[in-house]
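A short worksheet on the structure shown next.
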Amino acid sequence: MKTNDKRREKPGEKKPNPLGITVKKADDMPEWYGQVVTKAELADYAPVKGCMIIRPHGYALWQSIMDYFNRRLDEHHVKNAYFPLFIPESFFEKEAEHAKGFSPEVAWVQNKDEGSQERLAIRPTSETIMYDAYARWIRSWRDLPLRINQWCNIVRWEVSDVKLFLRSREFLWQEGHCVYETEEECDREVRIFLDEYTGLCEHLLALPVIAGRKTEKEKFAGAKYTTTIEAFMPDGKALQCGTSHNLGQGFAKTFGISYVGKDEKEHHPWQNSWGISTRLIGATILMHGDDKGMVMPPAVAHTQGVIVPIYRDKDKEEVLAQAKKLSASLKGFSIVLDDREGFSPGWKFNEWELKGIPVRIELGPRDIEKRSCVLVRRDTGEKKDVSWKTLNESFSTLLDAIQRSLFEKAKKHLEESIRKVTSYTQLKKAIGERRLVLAPFCGAISCEEKIKEDTGGATARCIPFDQPALGDHQCVACGKKAKHWAYFSKNY
Ligand SMILES: [Zn+2]
């Protein structure tokens, strides 16, 4: 361990961190979150209310998510494609449940083409526009399974109080839409893609999640059932991180998707759809960020390490030359050498901390004498002298350690947040304490509504796949025999 704090506070140096976070995460999380997102240059507010500008530092996280997930899609033989932003109103209305579920948040465009009076929906999701094409493309069992994904923007004109990445009228996502001959295949892959989302959250974003099925009230409009992964944020609210729906045969029937089976007869296929969005970036910020700003898990960070050379005029050339060598020697990692003029090392330290770069590498004349450098962890602030000879290995080990420890810390938070209750009084108390509450539940929509009303907004997050023994517990809300354990909490 080595203390370099004096490097940060040289006498006469310009006071660092003029744009730092001015509120503590634990004191005022919404204000803290807004400051981190804007000051770390992840995103900005747009001139159109409810929209967001994703800045390069934030977009790079989305690119990492896309890169990771595109590799996974390849493994599952899913192809990327692109469908139009505009959806004819008549398409939208075909599936009644779907139309009912989405209509309050659809933004409409009046089609000015001659001879057409039809309004166009700006896609709030793309089932209808895609399945119209699928009906033309699918003829025989040989065309199945059909697996298509698209990366695109989505508009849901519901909110006015924008929370960058977490809630906005326009956001980015991917939506996978697959078609199968049998229900079994469809079911199996609903779960495969949900498991892929779990893997993405846990391995890339260091976000532990709970996987389960949505209740009837919370399922996707038009789906047979919806599966979900839910993370639990430090302020005691759940955040839905990804969903995978079995759409049954409903859309196939309304859109006329059918195929001639091996039995020479006409059949409707089974369909699923699944998605994750730029909300995941919001979840990552909320979960890992601290009072100094963003903390990026190394696996998703576009820059894993930043080298900050520390020199006076007489050492400048030597230190910069050696810093370049170190940068080049860190092969296979994404490293930035911050050799900008006009910024003090202390200013640079603060800026990279605010932006959440996992490791800072400090190099000054004294380090050069020892043929070493100093590695500083963003998550814990821990410092370590590392010899140039073992730098590559030490850097790699450190990234792994940071990734693991972020995940473990988040996992501990999740586990400690769960309260298992068996009575309505306990449920209300635990919701009041901002816990993720596991309670016996009968499945009735009326019970969910009652819980929401009596707790000031708690909703059923999921019926976890991992079910404790139910015994003869009764539903906490109505006292009838419970069907399963379900999680309830406030949510983003
Ligand atoms: Zn009930």
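Here, each number is a calculation from the coordinates, and none is a lab measurement. These numbers were taken from a predicted model, which means no experiment stands behind them. Don't worry about glycine lacking a Cβ; one is built from the backbone with ideal geometry, like all the others, and counts go over all protein chains shown.
What Kirkwood hydrodynamic radius do you get for segment 418-489 when you take the inverse of the mean 1/r over all pairs of distinct Cα atoms, in Å?
Hydrodynamic radius (Kirkwood, Cα pairs) of segment 418-489 is 11.6 Å.
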Take the residue pairs K49/K411; K452/K481; K237/K292; K224/K428; K237/K348; K217/K483 and return only those whose Cα atoms are more than 27 Å apart. K49/K411; K224/K428; K237/K348
Loop GluC sites (Glu not before Pro), segment 231-329 (other Cβ atoms within 10 Å of the site Cβ: 16 or fewer; DSSP): E264
Any number yet on Rg/Rh for segment 237-294, C-alpha, Kirkwood? 1.35
Of all GluC sites (Glu not before Pro) in segment 94-183, the ones in DSSP coil with at most 12 other Cβ atoms within 10 Å are E114, E118
Once you charge only the Cβ atoms, +1 for Lys and Arg and -1 for Asp and Glu, what is the size of the charge dipole of the chain about its Cα centre, to the nearest 20 debye? 1400
Cα-only Debye scattering, the chain: base-10 log of I(q)/I(0) at q = 0.11, 0.12 Å⁻¹: -0.99, -1.11
Calculated log₁₀ intensity ratio I(q)/I(0) where the Debye formula runs over C-alpha points of segment 344-408, q = 0.13, 0.17 Å⁻¹: -0.37, -0.61
Which aspartates and glutamates have a Cα less than 14 Å from the Cα of K265, not counting those fewer than 8 places away in the same chain? E181
Scattering curve values for segment 8-141, log₁₀ I(q)/I(0), Debye with Cα scatterers, q = 0.09, 0.11, 0.12 Å⁻¹: -0.53, -0.72, -0.82
What ranking, highest mean first, results for peptides 468-476, 377-385 when packing means the other Cβ atoms within 10 Å averaged over each residue? 377-385, 468-476
Under the definition of Cα pairs under 8 Å and six or more residues apart, what whole-number percent is the relative contact order of segment 106-228? 17
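Among the chymotrypsin sites (Phe, Trp or Tyr not before Pro) within segment 18-82, which fall in a DSSP loop and have no more than 16 other Cβ atoms within 10 Å of their own Cβ?
Filter output for segment 18-82: Y82.
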What list of ³J(HN,Hα) couplings, whole Hz, do you get for segment 185-197 from phi and the Karplus terms 6.51, -1.76, 1.60, once you set θ to phi - 60° and write x for glycine and proline? 4, 4, 4, 4, 7, 3, 6, 4, 6, 5, 5, 4, 5
Report the one residue of L205, L120, P56 whose Cα lies farthest in the direction of the positive end of the charge dipole of segment 29-288 (charges on C-beta: Lys and Arg +1, Asp and Glu -1; origin at the Cα centre). P56
Pull up the cross-link candidates among the aspartates and glutamates for K384, meaning alpha carbon to alpha carbon under 18 Å and not fewer than 8 places away within one chain. D5, E353, E362, D367, E369, E393, D400
Dividing the mean separation of Cα pairs under 8 Å (6+ apart) by the residue count of the chain yields a relative contact order in percent of 15
Mean shadow area of segment 298-401, taken as a quarter of the surface of its Cα convex hull (nm²): 6.1
I need the P(r) histogram for segment 29-288: all alpha carbon pairs, bin width 5 Å from 0 out to the longest distance, whole percents. 1, 6, 12, 16, 19, 17, 13, 8, 5, 2, 1, 0, 0
Can you spot the lysines whose alpha carbon is less than 17 Å from K325's alpha carbon? Ignore those fewer than 8 places along the same chain. K316, K370, K389
Tell me, how many Å apart are the Cα centres for segment 89-140 and for segment 165-208? 23
